[in-house]
Amino acid sequence: MSRIGRMPIAIPAGVTVDIAENNKVTVKGPKGTLERVLPAEMDIKVEGAEIVVSRPNDLKKMKSLHGLTRTLINNMVVGVTAGYEKKLEVNGVGYRVSKSGKKLTLNLGFSHPVEMEDPEGVEAVVEGQNIIIVKGIDKEKVGQFAAEIRDKRRPEPYKGKGIKYADETIRRKVGKTGKK
């Protein structure tokens, strides 16, 4: 049986969970509201201050959906209470980041500055000139926007220049050496 799927999700104080038909789950909390349509085969029930997800049978597809459904609901509950954030670092000579309004401007050694707009429900905060913090309540959107920022200039293995996640380690390579 799915160990993750079996675990009940505790509903913290100040959070309301509504389950409509077709498994449309709406989670309201202090930071905002998230809603998502989950697989219709799963049985989602609110029992007291807990959400319990159960599956109809032991087919492989149901087993895989069981843990996924539980994790998606849990991510929604954590999102509306604590929120999510990803931290990115910009490394490189002359590489800078600035923010004005909803527009993030990245100077990454190209002949032009790269401009990015904050998507709905996600906010990018700039600390200093080389740290970007992407915040939001939807884990998926935060991760996606952080990945899009990183894709503008991925870290390279020789000098480590580029945009990397704060917790990411770059495998460095030794450059060429001249003839002796």
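The values are calculated or read from the model by the stated rules, or taken from the named source; none is laboratory data. No experiment lies behind these values; they were computed from the predicted model shown. Here the Cβ is made from the backbone with ideal geometry for all residues, glycine too, and neighbour counts use every protein chain on show. Just so you know, the surface numbers come from the protein's heavy atoms only, side chains and all, with ligands and any DNA or RNA stripped out. Shrake-Rupley method; radii C 1.70, N 1.55, O 1.52, S 1.80 Å.
Of the cross-linked pairs Lys45/Lys135; Lys63/Lys102; Lys31/Lys173; Lys45/Lys164; Lys86/Lys176; Lys63/Lys164, those separated by over 32 Å at the C-alpha level are Lys63/Lys102; Lys31/Lys173; Lys45/Lys164; Lys86/Lys176; Lys63/Lys164. Counting charges near Glu168 (Lys, Arg +1; Asp, Glu -1) among other residues having Cβ under 12 Å from its Cβ returns a value of +4. A 1.4 Å probe run over the protein chains yields, for the chain, 62 Å² of accessible area per residue, whole-number rounding. Residues Phe110, Phe145, ordered by accessible area of protein heavy atoms at a 1.4 angstrom probe radius and largest first, appear as Phe110, Phe145. Could you grab the relative contact order for region 88-140? Cα pairs under 8 Å, six or more apart, rounded to a whole percent. Relative contact order for region 88-140 comes out at 33 percent.
For region 57-180, the carbon plus sulfur part of the accessible surface works out to 49%, probe radius 1.4 Å.
Across the protein chains, with a 1.4 Å probe defining accessible surface, the residues Arg153, Arg96, Arg6 rank Arg6, Arg96, Arg153 from largest area downward. Between the residues Thr177, Met42, Ala20, the greatest Cα displacement towards the positive end of the dipole of the chain, with unit charges on the Cβ of Lys, Arg, Asp and Glu, is found for Thr177.
Taking the longest Cα principal axis of the chain as reference, the axis of helix 60-81 is set at about 70 degrees.
In the chain, a dipole from Cβ-located charges (positive for Lys and Arg, negative for Asp and Glu) runs towards its positive end, and of Leu59, Val142, Asn91 it is Asn91 whose Cα lies farthest in that direction.
In whole Å, what is the distance between the alpha-carbon centres of region 139-180 and region 65-136? Result: 16 Å between the Cα centres. Charges were assigned to the Cβ only: +1 to each Lys and Arg, -1 to each Asp and Glu. The resulting dipole of the chain about its Cα centre is roughly 1440 debye.
The magnitude of the dipole of region 31-131, with charges of +1 and -1 set on the Cβ of Lys/Arg and Asp/Glu and taken from the Cα centre, is near 240 debye. Its Cα centre serving as origin, region 103-179 has a Cβ charge dipole (Lys and Arg +1, Asp and Glu -1) of approximately 940 debye. The simple Förster model, with R0 at 30 Å and r as the Cβ-Cβ distance, assigns Ser111 and Lys173 a FRET efficiency of 0.65.
For Lys60, the aspartates and glutamates whose Cα falls under 17 Å of its own Cα, not counting residues fewer than eight places away in the same chain, are Glu41, Asp43. Placing pseudo-labels 7 Å out from each Cα toward the beta carbon at Arg6 and Glu120 gives an inter-label distance of 4.0 nm. Between 0 and 90 degrees, the angle of helix 139-151 with respect to the longest Cα principal axis of the chain falls at about 20 degrees. Amide H contacts of Glu50 (H built 1.01 Å from N, in plane; Pro and chain starts excluded): Ile11 sit under 5 Å, all sequence-distant by 5 or more or on other chains.
For Rg and Dmax of the Cα atoms in Å, computed directly from the structure shown, the correct entry in (1) 16.4, 49; (2) 16.3, 52; (3) 21.2, 76 is (3).
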